[in-house]
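Structure, as structure tokens:
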Amino acid sequence: MKKIIILVLISVFFLPAYSFDFFSKDRFSDINSLKKQNIAEELSFVSLGQLAAEREEAVNLIEIGNYKFFSTVIIDNNWEINFAIWPENSSMDKKTLWPETELEKGAVYEYQDIRFNITLTSGIISVRYALSGKEFISRLSYDDIFNKLYSNTEKIMFADSVEYAIIRNRDPLNDKDGIITLRRDNDGMFWYSFNSDDIISNQIKWLVGINSVLYGMKIRGNNLVFFSKLIDIDNKIHGKEKLLDYRFLNKF
């Protein structure tokens, strides 16, 4: 899996023509001119096909009794998490999914005349069934699922400082494609955003600002393209994100 790394040197890494000292008067003039022109510079890209293929592989295996299933999470247009499960010998297109609120109450998944009871408690998904007086159970945590997504999908690193996993997603509410960004902070907590193709095909979604440079992404044709733009900020700022907090699953 390829890892894309974007390095920044004093916020002007994408201006190779500038070889003179940063503190020269001419440089400040040119940088301020670019800021006023609101110019976005293209950095790199990844194909949507590659992202889709990685999404199919970044799944978790559930083994329970004599049965094996794949599972993952899907983000909908309301930025809510949905748990998805499907038989190991079928494709992700055959998935059945439930939003968190339903799983917390308990859901039933029927497969080969077996009723599997699925529940979500404090970030732990439990799958169980009973047969001939014997109960079978398997557990899977949100940590397992999100670590799999983060570890097995495309990465983009901005300014050698902030890294995002880029994940293909199909919104179950309107059956439209989108992009999930997944970021892990210094405390090990995950932050995510949902970005519909309909929106980021028409405009750049800015993800983070670092040392007076904005970084973002936009769909162009069959590729997801990454951009940067000079701005007037010195501190690190993040775009709209949602914290995955297991203690308050439905309240953040």
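Please treat every number below as a calculation from the coordinates, not as lab data. Predicted model, so just to flag it, every value in this text is computed and none were measured. Methodologically, a virtual Cβ is constructed for each residue, glycine included, from the backbone with ideal geometry; neighbour enumeration extends over all protein chains shown.
Per-residue Karplus couplings for the range 166-172, computed as 6.51 cos²θ - 1.76 cosθ + 1.60 with θ equal to phi - 60°, are listed in order as 10, 10, 6, 8, 10, 5, x Hz, Gly and Pro entered as x. Once you sort the root eigenvalues of the Cα gyration tensor of the range 59-145 as a ≥ b ≥ c, which label holds: rounded (a/c under 1.5), prolate (a/b larger than b/c) or oblate (the other case)? Prolate, since a/c reaches 1.5 and a/b exceeds b/c. In this simple spin-label approximation, E135 and D177 carry label points 7 Å from Cα along the Cα→Cβ vector, and these lie 4.4 nm apart. Rounded to the nearest 0.05, what FRET efficiency is calculated for E104 and E63 with R0 set to 22 Å and r the Cβ-Cβ distance? The computed FRET efficiency comes out at 0.40. For the range 125-157, the residues whose backbone nitrogen is under 20 Å from a point 7 Å from the Cα of E56, taken along Cα to Cβ, are 148-155.
Taking label positions 7 Å along the Cα-Cβ direction at both D143 and Q112, the computed distance is 3.1 nm, reported to one decimal.
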